[in-house]
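Have a look at the structure below, then the notes.
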Amino acid sequence: MSNSNIGATSATYTDVTRTNIRVLSKDISAQIAKAKFISIDTEFTGLVLSNASRVFNLKTTEWVTRATDMRDRYRAMSNIAKTHALVSMGLSTFSIRHTRPGSYNVHNFNFLLQSQNSHLISPPSISFLAETGFDLCRQATKGIRYFSGPNPKPVEVKTEAINEEGFLIREVFLDIVRAGVPLVVHNGLFDLVYLYQSFFGPLPDTYESFAFDLNEMFPGGIYDTKIIAQRETPQSASYLAYLFHKSERLQKQRSERGEPALAVKLKDSLLRGSSEPKARCRRLLMDSSSSKPYCENFAQRGNCRYGNRCFRSHDINFILDCQEKEAAAEAEEALGMQVVETNAEDGAGDKKRKRDDTMEVGDSGSSDPPCKVLKADAVDTTQEAVVAADIDGLSIDKQTVPAPATPSPCEEIKEIKETNGSEPLNLPAQPPLNMYHTAAYDAFMTGYIFASFRLVLEDKMSDYKNKVYLMGSDNPLLIQAGPYANTSITYIQTMRLMNTAAAEAAKAAETAVAETAAAAAETASAEPLSTDVADQQENAQA
C-alpha cells in the first residue's frame, strides 16, 4: 500500500509489481467489472524524438508530434509509441456507493511496468520521471515484464514467469475494454496511443482506423477532462492538479449549500504496509519578475523551471486561496468604481446644485472632494454585498477578504527579497513533486474531476463524449467511426483472441461446475443410508 498526499488530500493505492500481480489479478478484474467509470494515466519514456543518432537514419519529418495535419501527427505519435515504452500505468475504478448522485467507492492501482522490447529513452522524459520521484532502479527489478502486441505469449519469451506477467497485465487492459464503461483521461491522446500499442496490438496505419477502433473498444465513450475544463471554465488554468483542487473546493461549497455533492470513499489498498513520501529541505530560488507569494508559472501551467527550489509557493490550495482573494478584491473595487461613476454622472446632470449642498458633504467629516467621499461611502455600504457574492462559483466569506491595514504576503515577500537579495535561501521545501506525478494519483485526480463535472453538468456531459484534447489545436480529436474508415486488422485479431479466451474460460468454468456436481453425486451415492431411511425404503417396497 502506498499513499500520495497533496495538502489535506490523501489517496491510497495498491502498488502492483511483478511480485504480486498474480495474487491481485482476480481482485483487480472484479473492481473493473463493478466500475461505473474508469480513469487512467500513464508514464512513458518519450513524447518526442530529438537529436537522434544518424545510425537510425530517421526521417525527422515523420516524427513531428505537433504537426498541423492530423495524419502527420498520428504517424509521428505512432512512431514514438512503437519505439518507446510505458513505465507505469495508473488505474482508478469508480463504483456506485449509494443511490444518491455523486457517491462512489474508489480503488486506485499503480502498475509498475517494464517493456521487454528494446526501446528508446528520451533524456527530458527520463529526467522528468527521476525528478518527480519515479524509482528507475525499482522499475528495472520490480516492473511487470511485457511484450507489445496482441499475442499473450510471444515466441521471443523463454520463461514462463515473463509469459504470465505479460498475459496478466494485458488482461487488465482487456478487462477495461470488456467493461464497456466510460474511460476518462486528461490530455490523454498519447496515453491512448501507448496503451493500444502496448496491450492491444500494433497501431493501425491511419488515425481514421485508430479512432474507429477506439470507438468500438469503448462503447461507454472516452472523456478528456482537459477538454471539458477548457470549455466549461475557459478563464481558468486546466492542468490536472489545479483542476482537482478546484473541484474539491467546488464540491465542498455545494455540500455547504445543501446541494448534491461528491461523496468519494477511497477504499483501502489490497496490500498491507505503507510507504510515505518524505519531503527534503532544498535551496530555494526566486524569480524577481513577480511580486505574488505564489509561483505564477506553476499556477498557470503546472510547471516551473526552478522545480522544488522555487521560492514561491507551488501549493495548489494556497494558490487557489490567493486567487479567490484577488478575485474578491477586484470585484469589490469594480463595484466601488461603478457606484462612483454612477453618482458622478448624476452630479454632472445637475449643474444647478447649490454650493451649500456641496458644503454639507464636506462638513460630514472629510475635506476630500465629493467624488472621493462618494467612493468611500460606496465601498463602506456595499462591503457586505461584495463579501457575500459568489465569484466564479466560489463562495467568498468575510475571512477571505484581505484587510487593507494588514501587510499582504506580497509585501512580506518583498521584504525578504530586499533583505536577502538574489541569493538562494535555505527555507523549508516545497511539497514533493512526486505527489503530483504518481500515475495512480493522476488517474484518481482525473476521475474525481470527471465525477465533479458529471454531477454539475448532468446531461450536458454527453456533449464531451469521444472528444480528446489535441495540443496546439482549438478543436478536439473526434473518436468516431468515419464514413471512409473501418476497424483495423489489429482490432479484428485481438478481439478474436479476446472472444476465444472468454469462450475457453466459460467452457473451463462449465467443466469445473459439472465435475464438482458429479463428484458430489458420487460421494452421496457412496455414503451408507441411515437406519431410518433404509427402513422407510423397505416399507415402501413392501
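Coordinate-derived values only; no laboratory data. None of these values were measured; they are calculated from a predicted model. Glycine gets a Cβ as well: all are built from the backbone with ideal geometry, and neighbour counts include every protein chain shown.
State which entries of Lys265/Lys467; Lys82/Lys226; Lys34/Lys267; Lys267/Lys467; Lys325/Lys465; Lys325/Lys460 exceed 23 angstrom in Cα-Cα distance in the structure shown.
Over 23 Å Cα-Cα: Lys265/Lys467; Lys82/Lys226; Lys267/Lys467; Lys325/Lys465; Lys325/Lys460.
Ranking request for peptides 452-458, 166-172: highest mean number of other beta-carbon atoms within 10 Å first, then the rest in descending order. Kindly include the intermediate steps, with their values, before the conclusion.
Values: 452-458: 19.0, 166-172: 21.4.
Packing proxy ranking, top to bottom: 166-172, 452-458.
Please list, in chain and number order, the residues 5+ apart from Phe37 or on another chain whose amide H is under 5 Å from its amide H, with Hs placed from the backbone.
Sorted by chain and number, the residues that satisfy this are Phe94.
Once phi is turned into θ = phi - 60°, what whole-Hz ³J(HN,Hα) does the Karplus curve with 6.51, -1.76 and 1.60 give for every residue of the stretch 210-220, x standing for Gly and Pro?
With the stated coefficients, the stretch 210-220 comes to 4, 5, 4, 4, 4, 4, 7, 5, 10, x, x Hz.
Please report the net charge: other residues with Cβ closer than 12 Å to the Cβ of Tyr491, K and R +1, D and E -1.
Working: positive: Arg496; negative: Asp213, Glu216.
Overall, the nearby charge balance is -1.
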